[in-house]
Amino acid sequence: MYKKKTALILISIIAVVISACSNNQESSNTFKIGIVSNSNGNNNSYLNSIAMKGITKFAKEENLKKDKNYKYIATNSNKSFEKKITKMADANYDLIIGIGNNLSSVLNKVAENNKSTKFGVIDSRVDQPNVISINFTEQDGSFLAGVIAAMKTKTKKIGFIGGDDNEIINRYKYGFISGVKSVNKDIEVLTAYSNTFNDPKIGSKIANDFFMKDVDIIFPVAGLTSKGVFTTAKKIRRSNQGEVWVIGADRNEYKHGLPENVTLISLVKKIDQAVYDLAKQTKSNEFHGGKTLIYGLNEDGIKLILADNNVEEPILVKVNEYKDKIQSGALVVPSNKEEYLQFKEKLI
């Protein structure tokens, strides 16, 4: 009789625990996140796919379902972007994240009209109490990539290709040039804008032009357009026309350089980590709006990924010296043309 009562009590306890877990799971599954990117016609699907990695990781941990609990929408105009995030705010999403360098004005407007909704914005800045802005010090990582390129080049000619002439791309550009010139101010850096993030043929055309001018290392920051740069570099390697290299941007692009092994290094921008952190903070009731978070070298938000021992040890030693100076604040890397020109004047 005693054993039967004990068994019944244990079964009741287990049932209560299961019921509580079920209720907690159901409560967790009401959490909703929306991600809306805006390219204004320049589709940079690289960054969007990186952002989705962060949300997918968070969703898996929290048992959230795609489309029900989290949704990604791409837009190509400010008007469309405003419409989509307003609709999400009306649907009581717990967190809405905007991705794009042209969102400050429109997101500021929507956030002001939806004060109870929490917003995040990546690669823009919005000064509202219900918005967290996230930006990256792309110039710092680009500087280190420039140091490597300057010490690796044999022709003393290096190229940079930007997808667009905007604030973020120019942080890459002037950080990179500053790194090159810090090693050897006589190295020539050719630059061009593809004006698209989605056309490998244009990337290939610019790259071919650069390589024909004896450039032997190119740093393309142009999304899918950069694929054309890799394609051209691989063709040159296959035909034994010279040793040329490509520096990957935003994610690890080592595989894109195979089998010819043309990827020198990759400069990774951890948008996935930033998105994951923001979702985690919101879910844990630790969302503190009205501020801008900076992801740089110290935060591991920008990092260099080596590829197949393509960078020799003496170069890495020099890179680490510069990295230490940047992280300590002893070296402030230029992020625009004006800062670069001032920086250039001080070079020996």
* Residues of segment 228-252 classified as touching a strand residue (DSSP E or B) at 6+ places or on another chain (Cβ under 6 Å) and part of a helix (DSSP H, G or I), total -> 3
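Are there strands (runs of 3 or more DSSP E) fully within segment 253-348 with at least 1 residues that are among the polar types (S, T, N, Q) and under 21 Å from Phe136 (Cβ atoms)? List them. Don't jump to the end; show me each part of the working.
Details: elements: 263-269, 291-295, 302-306.
Filter on segment 253-348 gives 263-269, 291-295.
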* For segment 283-290, state whether one or more residues are in contact (Cβ under 8 Å) with a residue 60 or more places away in the chain and in contact with a Leu (Cβ under 6 Å, 6 or more places away or on another chain). => no
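So that you can scan it fast, the table gives a plain yes or no per residue for (1) of a type in the set (Val, Ile, Thr); (2) more than 16 Å from Ile177 (Cα to Cα); (3) touching a helix residue (DSSP H, G or I) at 6+ places or on another chain (Cβ under 7 Å):
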residue	(1), (2), (3)
Ile302	yes, yes, yes
Ile305	yes, yes, no
Val317	yes, yes, no
Asn320	no, yes, no
Leu331	no, no, yes
Ser335	no, no, yes
Lys344	no, no, yes
Leu347	no, no, yes
* Mind checking which pairs have a first residue in segment 202-213 that is modelled with pLDDT of 95 or more and a second that is among the basic types (Lys, Arg), Cβ under 7 Å, 6 or more apart or different chains? -> Gly203/Lys227; Lys213/Lys157
* Structure fact -> Note: among Val126, Val110, Val121, just one is free of Cβ contacts under 8 Å to residues at least 24 places away in the same chain and among the β-branched types (Val, Ile, Thr), namely Val126
* To do: Sort out which residues of segment 162-219 are of a type outside the set (S, T, N, Q) and assigned to a loop (DSSP other than H, G, I, E, B), and write them in order of number.
  => Gly163, Asp164, Asp165, Lys185, Asp186, Ile187, Phe197, Asp199, Lys213, Asp214, Val215, Asp216
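The values are calculated or read from the model by the stated rules, or taken from the named source; none is laboratory data. Quantities reported herein were computed from a predicted structural model and do not represent experimental measurements. Methodologically, a virtual Cβ is constructed for each residue, glycine included, from the backbone with ideal geometry; neighbour enumeration extends over all protein chains shown.
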